[in-house]
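The values are calculated or read from the model by the stated rules, or taken from the named source; none is laboratory data. In this text, all values refer to a predicted model and were calculated from it rather than measured experimentally. Here the Cβ positions follow ideal geometry from the backbone for every residue, glycine too, while neighbour counts run over all protein chains shown.
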């Protein structure tokens with residue numbers, strides 16, 4: 001089974017994003033209410049998530065470029081461009097819905113309305129934004145892998 005450089009890259013990015021998503025969820029779900037209310041702790045977790053993301057993506061790109069340096073500099077062909085566009089299109093909807101939910105949650109909390117997702121979780125709109133971003137990234141990579149395997 002011959003896997004292209006682009007597909008290998010997508011798989012590595014997908015796995016790295018799963019690791020980052022798992023790390024973020026384990027950190028947030030492991031906190032008690034006092035820790036969830038500590039802004040500096042939450043900012044620290046977000047900083048770690050960003051740093052781990054950057055490091056994992058750089059390492060995976062360097063490894064792939066080292067192993068398969070001939071294909072690393074090739075421009076995208078029409079099929080690969082179409083796959084990227086379709087993957088981005090669908091994942092953008094996940095991000096847009098997450099943003100709308102986060103804004104709605106913030107509006108409900110700021111007006112002290114009881115309806116909505118009010119669970120007395122500090123920074124809930126921020127967590128909704130981060131989770132929707134990570135889910136949209138997972139969807140991007142999954143859809144691109146699926147389309148490239150399907151031969152679109």
| task | Given the conditions (1) under 30 Å from residue 37 (Cα atoms); (2) modelled with pLDDT of 85 or more; (3) touching a helix residue (DSSP H, G or I) at 6+ places or on another chain (Cβ under 7 Å); (4) surrounded by fewer than 18 Cβ atoms within 10 Å (Cβ to Cβ), report the number of the one that residue 104 does not fulfil. | result | (3)
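Matching residues to (1) in contact with a strand residue (DSSP E or B) (Cβ under 7 Å, 6 or more places away or on another chain); (2) over 27 Å from residue 67 (Cα atoms); (3) in contact (Cβ under 8 Å) with a residue 12 or more places away in the chain; (4) surrounded by 16 or more Cβ atoms within 10 Å (Cβ to Cβ):
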{"residue": "4", "(1), (2), (3), (4)": "no, no, yes, no"}
{"residue": "13", "(1), (2), (3), (4)": "no, no, yes, yes"}
{"residue": "33", "(1), (2), (3), (4)": "no, yes, yes, no"}
{"residue": "43", "(1), (2), (3), (4)": "no, yes, no, no"}
{"residue": "51", "(1), (2), (3), (4)": "no, no, no, no"}
| Checking residue 57 against (1) farther than 25 Å from residue 29 by Cβ; (2) touching a helix residue (DSSP H, G or I) at 6+ places or on another chain (Cβ under 7 Å); (3) modelled with pLDDT of 85 or more, the condition it does not meet | (1)
